[in-house]
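Accompanying notes for the structure given below.
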Amino acid sequence: MDLQKYSRYVKLMKRILPVGILLTLALALGWPYVLSLSKDGYAPLDASRSEIRENHMVHPEYMSTDTQGQPYQIKADWAKQRTDTLADLTAPQGLMTVMEGDSFDLKAKSGVYDATGKLLGLEGGVILTSTDGYHVQTEKAQISLDTKIIEGNVHVEGEGPAGSIRGQNGFKVENRPGGKVLTLKGPSRVVINTAALKKSKESHEH
């Protein structure tokens with residue numbers, strides 16, 4: 001090899017060797033990742049997961065008023081939007097003003113909120129608590145946030161100042177001119193607390 005050829009060879013090696021070193025380092029660092037993409041360990045971003053492909057909200061809050069201007073508020077741990085106005089709720093809870101400052105606290109394991117129809121469906125461990133001391137438990141309830149009608153078609157039980165109730169096929173709570181009216185469906189049981197009723201009557205008379 002003459003001096004001119006050797007000089008060209010040295011220049012070529014100076015260019016190739018750094019590139020080769022970089023490729024070797026890249027392969028060494030990247031090989032574990034390549035192995036992780038084998039058939040058994042392949043873990044790409046799964047677009048089918050609901051958390052990714054669907055619109056989820058953390059701690060959503062919905063507020064509006066009914067036709068009488070009475071406010072209501074609904075919160076949840078999670079919400080998954082089905083449409084612009086329909087959402088599935090996880091651990092919903094809310095506050096619904098019924099009339100003259102009287103209100104209901106609402107709580108359940110899951111629910112569906114329809115913003116257009118102002119409807120709230122609750123399911124699983126449904127608990128309704130009113131400001132006048134009534135506590136009602138059931139597994140399913142449908143609430144019209146506009147008309148303030150609360151209705152369910154499964155077993156319900158509850159208690160309050162006037163006594164306790166139990167309805168095998170559900171219940172319905174609605175507002176009438178004289179106040180709230182509770183209707184029990186199917187075979188029912190009502191236990192009246194006469195002492196509490198007498199005391200309430202006397203306090204109203206005074």
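The values are calculated or read from the model by the stated rules, or taken from the named source; none is laboratory data. What you see is a predicted model, and the numbers here were worked out from it, not measured in a lab. With ideal geometry, Cβ positions are generated from the backbone for all residues, glycine too; neighbour counts draw on all protein chains shown.
Before moving on, here are some points about what is shown:
Yes/no per residue for (1) in the same structural domain as Ile74 (by TED's automatic domain parsing); (2) modelled with pLDDT of 90 or more; (3) assigned to a strand (DSSP E or B):
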| residue | (1), (2), (3) |
| --- | --- |
| Ile127 | yes, yes, yes |
| Lys140 | yes, yes, yes |
| Val154 | yes, yes, no |
| Glu174 | yes, no, yes |
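- Of everything in the stretch 87-108 that is exposed (fewer than 15 other Cβ atoms within 10 Å of the Cβ) and either part of a strand (DSSP E or B) or of a type in the set (Lys, Arg) (or both), the residue that is farthest from the chain's Cα centre (by Cα) is Met99.
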